[in-house]
Amino acid sequence: MNPVLFGHSPDPRIVATQQAGDDAMRVYIRTGETIVAEERPFYPFFFLSEPELIEGFHRKHWVRRLEGTGVYGHLCVFEEWPAMWDAVRHILDSYNRHAVPKIESYQDLDVIHLIGDPVTQYLMQSGRTMFKEMTFGDLHRLQLDIETYTTPGHRFSNATRAGDRIILVALSDSTGWEHVIDGRKLSEERMLEELVRCVRDRDPDVIEGHNIFNFDLPYILARCALHGVTLSLGRDGSVPRSFDSRTSFAEHAFEYTATDIAGRHVIDTLLLLQSYDAVRRNMESYGLKYAAQYFGLSPAGRTYVPGEKISWYWDNEPATLVAYALDDVRETAALSAHLSGSSFYLTQMLPYGFGTVARMGSAAKIESLLVREYLRRKHALPRPREGAQTTGGYTDVFLTGVLGPVVHADVESLYPSIMLTGSIAPGTDDLGVFLGLLKDLTTMRLDTKRAMLRTEEPIERSRLDAMQSSFKILINSFYGYLGYNRALFNDHARADEVTKTGQKILRTMIAAIRAEAGKVVEVDTDGIFFVPPVGVDTADQESAFVSVLSSRLPEGITVAMNGRYRKILSYKKKNYALLGYDNKIRIKGSSLVSRSMEQFGRTFVHHCIDSILHGNFDGLHTLYVQYHTSILSHGLDVRDFARVETLKDTVAFYEEEVKAGRRNRSAAYTVAIASGRPVRAGDRIAYYITGNDPNPRGTDHCKAAEEWDPNFPDDNSAYYMRRLNEFSEKFAVFFQPQDFRAIFSADDLFPFDPAGVALLISDVVEEPLSEEDDPRPGTFGIWLEG
DNA sequence: AGCTGTGGCAGGGAGG
DNA sequence: CCTCCCTGCCAC
């Protein structure tokens, strides 16, 4: 195994590490069946800038100036020397004079940017080697789920409200053990003590739960505080340590209260789901039940209890609730087994524990590999570069309307391939670690994937799959890392080089397809939808066509057929729908499918697309009339017309921004504030529009969805009729104006006649391709030399 | 205590 | 009316 990827330490038995004061680590070591803790010191280690200011500084303590940049690398101190502390004080004075903001303290000194963690991680990296000798199945995992009682009249459970309390604790573990701590038999105080006893007794390596960070653990901790119970869940008998954290999945930030339990790893399947969906973007919700069904992991005959009915079941049908809670932990176990495998195998590489890896972002993972190697070779680390990336992927739409048959061809791993073939790496990577890592990870991923495809045995196969997907996660993040402002090894110019090269490859592909008389419909970043030329009809012929396309591209860049479809409905850039040969419809793009659209709009648009792709114009008209009627007669449920939005910021931050005039008021925040309950960033708010003005002004016509009463519907039908017509407008470009008006009209003076209705295909832009995009071979020198 | 990127569309508020 | 600007959500 490559030591740059997997670390160098030989100690194979360390289960977990934990910081113990300022200058020591506590290390948990497995010997046979038992686990013992041992304290180990770590060395002082700092990043200091402007080291020439250090009085008494000696060359042997190592410093390096980054050539040509005029910027000094940070000083790495690997050992103390007599004048060191004076030097640190000196540096500090200098920094304070220059008003550098980030000062942290170490011992009795204020020190700039103490990085105890990466250093100890480096020095203690052996901690993860235990994982190298294990498979995921060897882990002892315990699942935990609590059910709480909500005082009638309240919608949400609250650990500090009189009457609210824990009523059930369901536990299960990977040995098949299951246990319910029942609030009918024990007082809450005894329940909590029983919980501690169970966990200590089972002694799991991993504790898992769905939303365990934001719900179960904080709730349990709050109830413990109330009863004076010590929640000594740690392997050393310590109580969990909580800290507020936030992580972002693409643009979406998620705040949570992370909890560390000494000697164990905490896994929240909600976080796993979000990070999974950040790539796929397929899921409708991150609820446990939906997710379990989505992955096909729900036990047969699973018991369901709606969240707001938990207290009712407790009062009336407690046995059902017990069954429900047990099904919850079983689903959590299955979900975690499905999703945490890749984090587990990443832990074999990274200098962090399993629990940390599972909630870390990709950039931090890549950086840890780079930093570990730089520290091992005692080489200074660069500072992040200022600046910004300017270029992204190439997107275009050439034809709109319904076309087919259509082929989707994409460049496999576009950005990683460009970085590898063009040797694009951060300019500050003196040791050349970056590309080496990318190259080795790519090789390992291909090997692992091949091995997986060869393997029949399901457990081994899923192990290999988890491994190769963990490599893939890292590989795909190398490009993002280059453009990341706070990355030590960022390089915006190189990131631009990657995207510009990607654009060039796409333009080359477009020209090549056109040269062969194919019709290019839509292009986005690394993939092209096109109608193949006459004579290219079967799947084999299409594959062959794509192979030829691929051969026109330079070494290291491979184009593959990613899919073939009966028809495409091309609407706008990044917005289209596909009709597969399996007759399934896939809809893409924020203007056609968006969680910010009212549910009725989503289903309406979906059905419209279905009808258009099947040429069923009569059905299209009927559909419009049906919705028209239901809206006017208040026949829709609040779930259908409520708009659901995610709050990105805290209410306090929002208010501040509004007050400062930096931001407009928005309906979702208005409703959230009016509801009076505490809101966190990331919460979803459902609201609807009242009154009868089709263009309501201001944010005073919105009401929380919970307040809607079907007996006295006060939803604004004029407004929702306007919305229906806005959704219909999307389809105007596909028809002649008179046909469009006839279809999307409830006027029944003349019955609708679908005869003669035809679909339009329109050219959007015909961007002339420049000379250098000519697909002749041998014209790629510019970027192949890199 | 920790945070990967750009491009594109829709919708709403503010102000001309 | 329109344009500008911001936010949310989505594709890759």
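Side notes on the structure shown:
- The set of residues from the stretch A:749-760 being touching a residue at least 24 places away in the same chain (Cβ under 8 Å) and farther than 14 Å from A:Gly619 by Cα comprises A:Leu759, A:Leu760.
- Selection within the stretch A:194-221 - open to solvent by 50 Å² or more (accessible area, probe 1.4 Å) and within 18 Å of A:Ala333 (Cα to Cα): A:Arg202, A:Asp203, A:Phe215
- One residue stands out in the stretch A:523-564 among those that are assigned to a strand (DSSP E or B), open to solvent by less than 20 Å² (accessible area, probe 1.4 Å) and away from DNA strand B (no atom under 16 Å from the Cβ): the one that is farthest from A:Thr442 (Cα to Cα), namely A:Val531.
- Take the conditions (1) modelled with pLDDT of 90 or more; (2) within 15 Å of DNA strand B (Cβ to nearest atom); (3) open to solvent by 70 Å² or more (accessible area, probe 1.4 Å); A:Lys472 misses just one of them, which is (1).
- All told, A:Leu464 meets the bar of being away from DNA strand B (no atom under 16 Å from the Cβ) and open to solvent by 10 Å² or more (accessible area, probe 1.4 Å).
- Residue check: A:Leu321 meets all listed conditions (1) free of Cβ contacts under 8 Å to residues at least 24 places away in the same chain; (2) more than 16 Å from DNA strand B (Cβ to nearest atom); (3) surrounded by 20 or more Cβ atoms within 10 Å (Cβ to Cβ); (4) not charged (D, E, K, R) but one, namely (1).
- Residue pairs meeting the criteria (Cβ under 6 Å; at least 6 apart or on separate chains; first under 20 Å from A:Ala705 (Cβ atoms) and open to solvent by 70 Å² or more (accessible area, probe 1.4 Å), in the stretch A:641-665; second within 13 Å of DNA strand B (Cβ to nearest atom) and assigned to a helix (DSSP H, G or I)): A:Arg665/A:Val658
- Hits in the stretch A:699-730 - residues which are farther than 16 Å from A:Leu636 by Cβ and among the basic types (Lys, Arg): A:Lys730
- Meets criteria (over 21 Å from A:Tyr219 (Cα atoms) and in contact with a helix residue (DSSP H, G or I) (Cβ under 9 Å, 6 or more places away or on another chain)) for A:Gly341: yes
- Selection within the stretch A:148-193 - over 18 Å from A:Gly209 (Cβ atoms), modelled with pLDDT under 95 and open to solvent by less than 20 Å² (accessible area, probe 1.4 Å): A:Asp164
- Qualifying residue in the stretch A:504-522 (condition: away from DNA strand C (no atom under 13 Å from the Cβ), part of a loop (DSSP other than H, G, I, E, B) and open to solvent by 40 Å² or more (accessible area, probe 1.4 Å)): yes
- Output for the stretch A:222-232, where each listed residue is closer than 15 Å to A:Arg264 by Cβ and open to solvent by 10 Å² or more (accessible area, probe 1.4 Å): A:Ser232
- Qualifying residue in the stretch A:352-363 (condition: out of contact with any helix residue (DSSP H, G or I) (no Cβ under 7 Å at 6 or more places or on another chain), assigned to a helix (DSSP H, G or I) and either among the aromatic types (Phe, Trp, Tyr) or on the phi < 0 side of the Ramachandran plot (or both)): yes
- Among the residues of the stretch A:398-414, not a single one is more than 16 Å from DNA strand C (Cβ to nearest atom), of a type outside the set (Lys, Arg) and free of Cβ contacts under 8 Å to residues at least 60 places away in the same chain.
The values are calculated or read from the model by the stated rules, or taken from the named source; none is laboratory data. It should be emphasised that the depicted structure is a prediction, and the values quoted were computed from it without experimental measurement. Cβ: placed from backbone, ideal geometry, glycine included. Neighbour counts: every protein chain shown. For accessibility, only protein heavy atoms count, side chains too; no ligands or nucleic acids. Shrake-Rupley method; radii C 1.70, N 1.55, O 1.52, S 1.80 Å.
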